[in-house]
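Some notes on the structure that comes next.
The values are calculated or read from the model by the stated rules, or taken from the named source; none is laboratory data. Being a predicted model, the structure only gives us computed values, none of them experimental. With ideal geometry, Cβ positions are generated from the backbone for all residues, glycine too; neighbour counts draw on all protein chains shown. For accessibility, only protein heavy atoms count, side chains too; no ligands or nucleic acids. Shrake-Rupley method; radii C 1.70, N 1.55, O 1.52, S 1.80 Å.
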Amino acid sequence: PMVRCRTAFERACEKHSLAPLYKEVEYNVHAMSQATLELLDEQPDLTAIFAADGARAVGIIRALRQCGRHVPDDFSVLGIAPDTVADLVNPPLSTIDFPIYDMSYRAAKMLIRRLDHDPADVEQILIKAMIEVRQTTGPPKE
């Protein structure tokens, strides 16, 4: 999944003539906050950040507040998180959410088939994610 995500990101940047801009950080709020401050120093005109998960989005929002930027008025934040996590972020986080129940159900069926010694080939199923716009995304800047 990470390879497909990275490839899609690079293609979207190419399609819109944007230079890829990202930071790889440790899995904690402080690291994301620090990376956000670094990105803002490097790219002061930046208006949006995507976080790989909801917990890291808290670090982004913390850094933005520290810099005097307001979400979503002058900065948008999007993350990957279920509704239960998105609603814990202040303001509620706009997210890409995956249908966990459907994914779990399909995975369990595949595992059961394997345990029953079904000779079926290993399969890979791509499941469509949903974008849920909440209060951390604003209109594009001109």
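Pull out the extension gain between LYS109 and GLU26, defined as 0.36 nm times the separation in residues minus the alpha carbon to alpha carbon distance; nm, one decimal. This chain segment gains 26.5 nm when fully extended.
Residue ranking by accessible heavy-atom surface, 1.4 Å probe, largest first, among CYS13, CYS5 comes out as CYS5, CYS13.
In order along the stretch 31-36, the phi-based Karplus estimate (6.51 cos²θ - 1.76 cosθ + 1.60, θ = phi - 60°) of 3J(HN,Hα) comes to 4, 5, 4, 4, 5, 5 Hz; Gly and Pro are listed as x. In percent, rounded to a whole number, the relative contact order of the chain is 21, using alpha-carbon pairs under 8 Å and six or more apart. Of the whole protein surface, ASP74 contributes about 60 Å² of accessible area at a 1.4 Å probe radius. Each helix, a run of at least 4 DSSP H residues, gives -39500 (n - 2.57); summed and divided by the residues of the chain, these come to -13500 deg cm²/dmol at 222 nm. Annotation: amide H-H contacts under 5 Å for THR47 (H modelled 1.01 Å from N, sequence separation of 5 or more, or interchain): none.
Evaluate the Kirkwood expression for the hydrodynamic radius of the chain, namely the inverse of the mean inverse distance over all pairs of different C-alpha atoms, and round to one decimal in Å. Each step should come with its number before you reach the end.
Values: mean 1/r = 0.0592 Å⁻¹.
About 16.9 Å for the chain.
Derived scalar couplings between HN and Hα for the stretch 64-72 equal 4, 4, 4, 8, x, 9, 10, 9, x Hz in order, rounded to whole Hz, by the Karplus curve 6.51 cos²θ - 1.76 cosθ + 1.60 (θ = phi - 60°), x for Gly and Pro.
Between ASP41 and ALA12, the simple label model (points 7 Å from Cα in the Cβ direction) yields a spacing of 2.7 nm. Surface composition of the stretch 1-78: carbon and sulfur atoms hold 54% of the protein heavy-atom accessible area at a 1.4 Å probe. Within the shell defined by Cβ-Cβ distances under 12 Å, the residues around ASN90 carry a net charge of +2, with Lys and Arg each +1 and Asp and Glu each -1.
Provide the per residue accessible area, probe 1.4 Å, for the chain, rounded to a whole number of square angstrom.
Numbers: 10060 Å² over 142 residues.
About 71 Å² of surface per residue is accessible.
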